[in-house]
Amino acid sequence: MRIAILGFGSVGRGIARAILAKNLDITVTGLADSRSGIIDPAGIDLAAALAKKENGGPCGGPDVGPADVVAKADYDVLVEVTPTNVDDGEPALGHIRGALGRHKHVVTSNKGPIALAYPELRDLAAANGVFLKYEATVCGAIPLIHAMQEGLAGNTISRLYGVFNGTCNYILTRMAEDSLTYEQALAEARELGYAEADPTYDVEGIDAGVKLVILANTILDMRTALDDVERTGITLLTPEALRLAEDQDCTIRLIGEIVPEAGVLRVSPRLVAKAHPLVVEGTLNAVTVETDLAGDLTFIGKGAGSVETASAVIGDLLYIRDRHVQGS
Amino acid sequence: MKLEMRDQPGQLVAALQPISAVGGNIIAVIHQRETPAATETLDVQIVLELPEGRLEKLLELLREQGVNVVRIGEERLLYECTMIMIGHLMHTDLSDTVDRIDTTGSAEVTELSLVMPAISSPSSARITIRSTTRDEMKRAIRILRSVAEQKHLLIIEPLEDA
Ligand SMILES: NC(=O)c1ccc[n+]([C@@H]2O[C@H](COP(=O)([O-])OP(=O)(O)OC[C@H]3O[C@@H](n4cnc5c(N)ncnc54)[C@H](OP(=O)(O)O)[C@@H]3O)[C@@H](O)[C@H]2O)c1
């Protein structure tokens, strides 16, 4: 199978490393970062591209850009792993439209286009007879979307809730463990690379909200947008609040929740019994799905990370290969 | 509320129909041996939820069925919900916040623990509300939410319902 990768950051490089380390039978024929690109129908030397990138350089040459890769490279699947933009989905949205229009499958970890334009993209993929897969957009390594779409296919989902943001979970875990203030825990998360310089997207619950929108729109037959999510972040939490929770064998977690029938999407800090399966430590994610046939299921795993997120992308790639792509 | 009756043959079954007839909701049926010294008879307790104002009707129906009700325990506040509030709780009149729930008559604040770290920084409180029915609890939570919005307080609700 031949793929083109747009974005050569944490996720893009994780995919490259997994392809190099394992015999996945995947050839990369196109690659681009923000400043450069490579197109090579015979297969790009990933080790060399990784080395260039790790030395701070661009992955390819300045005369090839992402749009060239989309339009000209010879690939079966476009892997879109550029940064998420929740305002207009660009540039990823354009990349994805371009590939689907060329009858190419698309696999993405990019939340923007899926949250903003899923119905359009789904129809475009269907019209072109190709797959659009996005497992990595929600909870990184956890195969939540696959489980809901395939394994739980006949079920009605009455409620879905969980920890969708590892950064917030890390901060809250640290506040509870060592009575750190919010600011102290955030500083620590930044030092460890769990939080961005501008943490707004995580700590205000936007990231978790976008993931809820993706699940609601793509699996639960809802038509929602980020503005429909009732959203409260964790910035005002105090160590005293965590101590008051602790006194009752509870703790506080940032929980994303969907109740399809009531049309409720909300992200807010909630009191949770410490023994509850959703109370996971550190940067882990955890999601409980309440269903009619299967009962309650809880998924726990790594919600982010280079290789972990690559795992979800590769799962989607192999899914497509096994069902669609002939030869490779 | 709790109904207690003698565990004589047929009494339990006879009690169930009237309860559902008045829209009651059985939460638990508990068999209880009174005191070891007492006779062999068992007491049956039925814990149930009853819509406002239906008790008289229920007792009448039970009498018709020949059910012998020994005691009625009005455990009014069956539902409990604990939340945490963060903000300038004293400056925004904490007793008013509590009053807004208590004045509903059907739900009340039964516990409050307050921690005030420093004069100007926000304080945190754990608040426990009890109510007679689940709907009244929902209403109390809605009231607390709107008070919190007015007073710029953060309310941390439990993951699970009351
Ligand atoms: N990291 C995770 O654990 C994780 C988990 C789930 C989902 N995601 C999603 O996956 C995507 C990638 O995340 P990441 O952590 O890998 O991000 P990242 O480390 O910031 O890497 C982004 C890459 O995209 C490139 N890029 C930026 N603008 C571009 C453009 N216009 N055209 C082509 N390439 C462009 C960047 O180029 P330069 O190298 O030149 O800067 C960089 O290589 C994001 O949408 C993110 O939300 C990430």
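The numbers here are math on the coordinates, done by the rules we state, and not lab data. Values in this document were obtained by computation on a predicted structure and should not be read as measured data. Reconstructed Cβ throughout: ideal geometry from the backbone, glycine too, with neighbour counts over all protein chains shown.
Farthest towards the positive end of the charge dipole of the protein assembly as shown, among the residues A:Leu244, A:Thr27, B:Thr128, is the Cα of A:Thr27, using unit charges on the Cβ of Lys, Arg, Asp and Glu.
Compute the normalised compactness of segment B:79-156: alpha-carbon radius of gyration over 2.2 N^0.38 Å, N being the residue count. Please list the in-between numbers first.
Numbers: Rg = 11.9 Å, N = 78, 2.2 N^0.38 = 11.5 Å.
Against the compact-globule rule of thumb, the ratio is 1.04.
Find me the longest stretch of chain A that has none of the exposed GluC sites (Glu not before Pro), where exposed means in a DSSP loop (not H, G, I, E or B) with at most 15 other Cβ atoms within 10 Å. Longest stretch, sites excluded: A:1-195.
Karplus-based coupling profile of segment A:220-234, in residue order and whole Hz: 9, 6, 9, 10, 10, 9, 3, 5, 7, 8, 5, 9, 10, x, 10, with θ = phi - 60° in 6.51 cos²θ - 1.76 cosθ + 1.60 and x standing for Gly or Pro. On C-alpha positions alone, give me the angle between the axis of helix A:182-191 and the longest principal axis of chain A, in degrees, nearest 10. Value to nearest ten degrees: 30. Annotation: amide H-H contacts under 5 Å for A:Thr27 (H modelled 1.01 Å from N, sequence separation of 5 or more, or interchain): A:Arg2, A:Ile3.
Database remark: amide H of A:Ile255 closer than 5 angstrom to the amide H of A:Ser268, A:Arg270 (H placed geometrically; neighbours at sequence offset of 5 or more, or on other chains; Pro and chain starts carry no H).
With a 10 Å cut-off around each Cβ of A:231-243, the average count of Cβ atoms from other chains is 5. The amide H of B:Leu89, built 1.01 Å from its N in the peptide plane, has B:Ser123 as neighbours under 5 Å, considering only residues 5 or more places off or on other chains. Going from the residue with the fewest nearby Cβ atoms within 10 Å to the one with the most, B:Cys81, A:Cys250, A:Cys168 rank B:Cys81, A:Cys250, A:Cys168.
Helix A:92-101 versus the longest principal axis of chain A: what angle, 0 to 90°, nearest 10, using Cα atoms? Roughly 50 degrees, rounded to the nearest 10. Could you list log10 I(q)/I(0) for the protein assembly as shown at q = 0.05, 0.09, 0.10, 0.11 Å⁻¹, which the Debye formula gives when each Cα is one point scatterer? The computed values of log10 I(q)/I(0) come out as -0.28, -0.74, -0.85, -0.96.
Most mobile of A:Gly112, A:Gly89, A:Gly263 per a Gaussian network model of chain A (Cα springs, under 10 Å)? The residue with the greatest mean-square fluctuation here is A:Gly263. Taken residue by residue and averaged, Cβ atoms of other chains lying within 10 Å of the Cβ of B:114-122 number 2. The charge dipole of chain A, taken about the Cα centre with unit charges on the Cβ atoms of Lys, Arg (+1) and Asp, Glu (-1), comes to about 860 debye, rounded to the nearest 20.
With a 10 Å Cβ neighbour count serving as the proxy for reagent exposure, in which order, fewest first, do A:Val79, A:Val210 appear?
A:Val210, A:Val79
By the beta-carbon count within 10 Å of each Cβ, the least crowded to most crowded order of B:Ile84, B:Ile30, fewest first, is B:Ile30, B:Ile84. For segment A:13-27, the Karplus equation 6.51 cos²θ - 1.76 cosθ + 1.60, evaluated at θ = phi - 60°, returns couplings of 6, x, 5, 4, 5, 5, 5, 5, 7, 10, 8, 9, 6, 10, 10 Hz by residue, with Gly and Pro reported as x.
In chain B, helices alone account for a calculated mean residue ellipticity at 222 nm of -9000 deg cm²/dmol, with every DSSP H run of four or more residues adding -39,500 (n - 2.57). The simple spin-label model puts a point 7 Å past each Cα toward its Cβ; for B:Ile26 and A:Asp178 those points are separated by 5.5 nm. Computed from phi, the 3J(HN,Hα) profile of segment A:160-174 under the Karplus parametrisation 6.51, -1.76, 1.60 (θ = phi - 60°) reads 9, 7, x, 9, 9, 10, x, 4, 5, 5, 5, 4, 5, 4, 5 Hz, with x in place of Gly and Pro.
For peptide A:263-270, the mean count of partner chain Cβ atoms within 10 Å of a residue's Cβ comes to 2.
Using a simple spin-label model with pseudo-atoms 7 Å out from Cα toward Cβ, A:Leu226 and A:Glu150 lie 3.1 nm apart. For the options A:Leu215, A:Leu172, A:Leu236, a Gaussian network treatment of chain A with springs between C-alpha atoms closer than 10 Å singles out A:Leu236 as fluctuating the most.
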